[in-house]
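These notes concern the structure reproduced below.
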Amino acid sequence: MWVRRQWEGFSEDGDAEAFPPANIWTGQKDLVVRCEVPGIAPEALEISATPDVLTLRGRREERFPDEGEEASFLRRERWNGVFVRALSLPAEIDADRVEARVSRGILTIRASFGERIRPRKIAVRS
Amino acid sequence: MANPGGAPQRQRQEETQGAEAPPREAAEPGGEDARPEPAYVAVVPATDILETPEALLVIADMPGTDETTVSVTLEDRVLTLSGKTVPEAFEGYVLEHVEEEVRPWEYRRTFQLADAIDREGIEASVRNGVLRLRLPKSREARVRKIAVKGK
């Protein structure tokens, strides 16, 4: 059983660029990127696309207006602030055909491949 | 390249207040459901705990969950948070690059609370995959200002 501690992704050992963690799936016509962005509303996310790279920017700031000035942290593990991540894509996409949606703190991006770059099966001769 | 901020702030009270309790035995999933439940990988959610004179605030990152898949229990001052999620499976796609779990997982964490809580006043909500709890302290547990007299 693999127990993953979620906040290890932004430790100080230079791993900060790989935040938020993302998975990439490729299909026949498009690719899908999935990453976790808990507590970030769609309007706080910025996604820009070139044929090779998806750049994700987001910000999250906790405030406790209802609790006044007297709230103090007993435990602080969640990240706070901004992140920027440039994801190199395994195949060229059409930057005009990218869709993104956020649900339950998970960002799912679908990007269609560029027209001339549809993966083609290559026959292997012996 | 911007980094997320927030160096952890350790307070002396952290040892007693908001200290992690050993996990309780998970209840065996029972019931008449014909379809077997998928095996859930255990994940510990990143959690902030704050204290005000009136209440404890607990905020846990549990992306993939909503109010129907999260449960919170408080028993003998042990607070247990849990939430299950089954990540979307992209049939017909090849997983090219993996940095996070693809199997179904369950967030689970327990905390030992130092203060007695007024159960009737507990507020809980899940939004954008974040669980937020406000646990009002019971009357007896509210901080009382202690007058410090000088010489």
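Note down all Cβ pairs under 8 Å where the first residue falls in the range B:93-109 and is farther than 20 Å from B:ALA39 by Cα and modelled with pLDDT under 95, the second is hydroxyl-bearing (Ser, Thr, Tyr) and in a strand (DSSP E or B), and they're at least six residues apart or on different chains. Taking only residues 6 or more apart or on different chains, the pairs are B:TYR93/A:THR26; B:VAL94/A:THR26; B:GLU96/A:THR26. Scanning the range B:58-69 for residues that are at the interface with chain A (Cβ under 7 Å from one of its Cβ atoms) and outside any loop (DSSP other than H, G, I, E, B) yields a total of 2.
Among the residues in the range B:70-85, are any at pLDDT below 95, part of a loop (DSSP other than H, G, I, E, B), touching a Pro at 6+ places or on another chain (Cβ under 8 Å) and surrounded by 19 or more Cβ atoms within 10 Å (Cβ to Cβ)? Looking for residues that are at pLDDT below 95, part of a loop (DSSP other than H, G, I, E, B), touching a Pro at 6+ places or on another chain (Cβ under 8 Å) and surrounded by 19 or more Cβ atoms within 10 Å (Cβ to Cβ), one finds none in the range B:70-85, hence no. Any idea which of A:GLY114, A:GLY81 is on the phi > 0 side of the Ramachandran plot and modelled with pLDDT under 95? Only one candidate qualifies: A:GLY81.
Screening the candidates B:TYR107, B:TYR40, B:TYR93 for the property of being in contact with a Gly (Cβ under 6 Å, 6 or more places away or on another chain) and either over 28 Å from A:PRO90 (Cβ atoms) or of a type in the set (A, V, I, L, M, F, W, C) (or both) yields one hit, B:TYR107. Starting from residues that are of a type in the set (Val, Ile, Thr) and closer than 29 Å to B:SER125 by Cβ, keep the ones in the range A:35-83 and report whichever is nearest to the other protein chains (Cβ to nearest Cβ). Among residues in the range A:35-83 that are of a type in the set (Val, Ile, Thr) and closer than 29 Å to B:SER125 by Cβ, the one nearest to the other protein chains (Cβ to nearest Cβ) is A:VAL82. If you filter the range B:110-131 down to residues that are of a type in the set (A, V, I, L, M, F, W, C), within 15 Å of the chain's Cα centre (by Cα) and not in a loop (DSSP other than H, G, I, E, B), you find that the one that is surrounded by the fewest Cβ atoms within 10 Å (Cβ to Cβ) is B:ALA124. Being in a strand (DSSP E or B) and closer than 28 Å to B:LEU57 by Cβ is the requirement here; does A:ARG78 meet it? So A:ARG78 fails the test. Of everything listed in (1) more than 18 Å from the chain's Cα centre (by Cα); (2) part of a strand (DSSP E or B), the single unmet condition for B:GLU100 is (2).
The values are calculated or read from the model by the stated rules, or taken from the named source; none is laboratory data. The structure presented is a predicted model; accordingly, all values stated were derived computationally and were not measured. FYI the Cβ positions are ideal-geometry reconstructions off the backbone, even for glycines, and counts take in every protein chain you see.
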